[in-house]
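Below is one structure, written out as structure tokens; comments come after it.
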Amino acid sequence: MGKTEREKKSEILVYNILDQICKRQPGNEIFPLEKGEFLIVHSGGNWKNLRTQLSASMIEYANTNVFFGSSSILNGHQEFEIGMDQSKEAVECAVFYNQDKEIEYENICRFPVPSSPYQQEQELFQSLLSSDQDAAWNNCKNMLVKLKADCYPPAECFSYLMEILDIYRRAAKEFRVPLHSMEFKGRNICEYIKDLSTLQECELAFYEFTGKLTDAVRKSRLPRERDEILTIKQHVMLYYKDNIDLNTIAKLVNMSPSHLSSLFKKETGENFSTYLTEVRMEAAKRLLKSPHALIYEVAEQTGYANSSYFGKAFKKFYGFTPEEYKKNSNIQERSFLTMQESKDTEST
């Protein structure tokens, strides 16, 4: 789709303003790129003063803000492409964080956004289950704060946001509210958020979607749902690491194992053992994302007696081994979501 005449005139105006200011200092060259981006090659003069003049002039004459991202110092023209890529990545961070000050490439964090503590994830999950919109949003907001602790590349931020959305998916699944039907402004919520440009936009989308999902969970609650089932689910979510079986759970709610088994199946549509496996697999997936996680440790932390049995259970559930999942970031970010949406569809 081509640019409109208005867009073309706007870009020409912006370029002329930037070009005139750059020419005031020797050693600066400006090149128009795409999508309203401009590359400035700075080799002389005071960069801080130039940046201040550019920003002020854009506000005064073009009525728009400008974002700056700078590369590291280049050692020659042969590093031109490297510098351009670095400055593009830096300006993407500036836009994402809505920073009116310059983002330097060297200050971008190169580590993945740390996963949230398990307790924090559980608090969000439980508040979604109880359809408490205010509590759910507060818990979500506390998790989003982590993105502001450092300057992360947008791609890493969106990966972390998908982890949070996975908690929403789990809550939807508990009440058989399929995520694929939970569209947000006419689109799948995951794809909608991936297309946003700033963290502020993402926060607003999460706020609105939290209200939408808690409302859907509230409406999907069955009048005949029993407190015993919620008690069991909460116990499993907290103690899945332990040696849990139907007998121990039956004692928890003062029922016989056979009666509990049939009641759980009737109320949830699945066997207790299946539910327990799902909870453990969710936890395993989260733990395996850590670069320092060892397979046998993850097995122990998710209630499996040995890594061999855990590996077979993991592959049966997801379709790939723990080792494959741990090594392949594409599986972590894409295949898992696709598989889970497919499983959710089949269960509804």
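Derivation of every value follows stated rules applied to the coordinates shown; laboratory data play no part. Because the structure is predicted, anything quoted here is derived from the model rather than measured. Positions of Cβ are backbone-derived with ideal geometry, glycine not excepted, and every protein chain shown enters the neighbour counts.
To the nearest ten degrees, helix 307-318 and the longest principal axis of the Cα atoms of the chain are 70 degrees apart. Residues whose amide H comes within less than 5 Å of that of Asn188, counting only those at least five positions distant or on another chain, are absent (H built at 1.01 Å from N in the peptide plane).
Most simply put, the chain has about 80% antiparallel DSSP beta bridges, counting only bridges with both residues inside it. Couplings for region 104-112, taken from phi via the Karplus curve 6.51 cos²θ - 1.76 cosθ + 1.60 with θ = phi - 60°, read 8, 4, 5, 9, 7, 5, 9, 9, x Hz in order; Gly and Pro are left as x.
Between Ala62 and Leu230, what length in nm is gained on full extension when 0.36 nm per residue of separation is reduced by their alpha carbon distance?
54.7 nm
Across region 227-330, the volume of the C-alpha convex hull divided among the residues equals 101 Å³ per residue. Annotation: aspartates and glutamates with alpha-carbon distance below 15 angstrom to Lys48 (same-chain offsets under eight excluded): Asp100, Glu102, Glu104.
Normalised by 2.2 N^0.38 Å, where N is the number of residues, the alpha-carbon radius of gyration of region 120-202 equals 1.09. Relative protection proxy for 50-60, 159-169, from highest mean packing down: 159-169, 50-60 (other beta-carbon atoms within 10 angstrom). In terms of other Cβ atoms within 10 Å, Phe310, Phe38 run from fewest to most in the order Phe38, Phe310.
For region 188-197, the Karplus equation 6.51 cos²θ - 1.76 cosθ + 1.60, evaluated at θ = phi - 60°, returns couplings of 4, 4, 5, 5, 4, 5, 4, 8, 6, 9 Hz by residue, with Gly and Pro reported as x.
The calculated P(r) of the chain, using every Cα pair and 20 Å bins from 0, goes 25, 46, 23, 7, 0 in percent. So which of Lys141/Lys212; Lys8/Lys101; Lys173/Lys241; Lys173/Lys212; Lys146/Lys219 end up more than 25 Å apart by C-alpha? Violating the 25 Å Cα-Cα cut-off are Lys8/Lys101; Lys146/Lys219.
Think of the chain as a dipole: +1 on every Lys or Arg Cβ, -1 on every Asp or Glu Cβ, centred on the Cα centre; then among Ser159, Tyr239, Tyr325, Tyr239 lies furthest on the positive end.
Arranged from fewest to most other beta-carbon atoms within 10 Å of their beta carbon, Trp47, Trp137 become Trp47, Trp137. Comparing Cys151, Cys190, Cys22 in a Gaussian network model of the chain, where Cα atoms under 10 Å apart are tied by springs, the biggest mean-square fluctuation is seen for Cys22. Sequentially through region 151-156, phi angles give Karplus couplings (6.51, -1.76, 1.60; θ = phi - 60°) of 9, 9, x, x, 4, 5 Hz, Gly and Pro residues having no value and appearing as x. By the Stokes-Einstein formula, at 1.567 mPa s and 4 °C, region 5-107 with its Kirkwood radius over alpha-carbon pairs has D equal to 92 µm²/s. Mind checking the angle between helix 80-96 and the chain's longest principal axis? C-alpha axes, 0 to 90 degrees, to the nearest 10. For 80-96 against the chain, the angle is about 60 degrees. Treating each Cα of region 137-254 as an identical point scatterer and summing with the Debye formula, the log10 of I(q)/I(0) at q = 0.10, 0.15, 0.16 Å⁻¹ comes to -0.41, -0.79, -0.86.
Between the listed residues Gly36, Gly76, Val113, the Cα displaced farthest toward the positive end of the dipole of region 1-118, a dipole computed from Cβ unit charges relative to the Cα centre, is found at Gly36.
Grab the Cα-Cα distance for Trp47 and Lys241, subtract it from 0.36 nm times how many residues apart they are, and report the gain in nm with one decimal.
Gain on stretching Trp47 to Lys241: 64.2 nm.
Around the amide H of Phe38, modelled in the peptide plane, lie the amide H atoms of Leu33, all under 5 Å away and 5 or more residues distant in sequence or on another chain. In this calculation the C-beta distance from Glu201 to Ala305 is compared with R0 = 51 Å, giving a FRET efficiency of 0.65.
Against the chain, whose longest principal axis comes from its Cα atoms, helix 118-129 is set at around 70 degrees.
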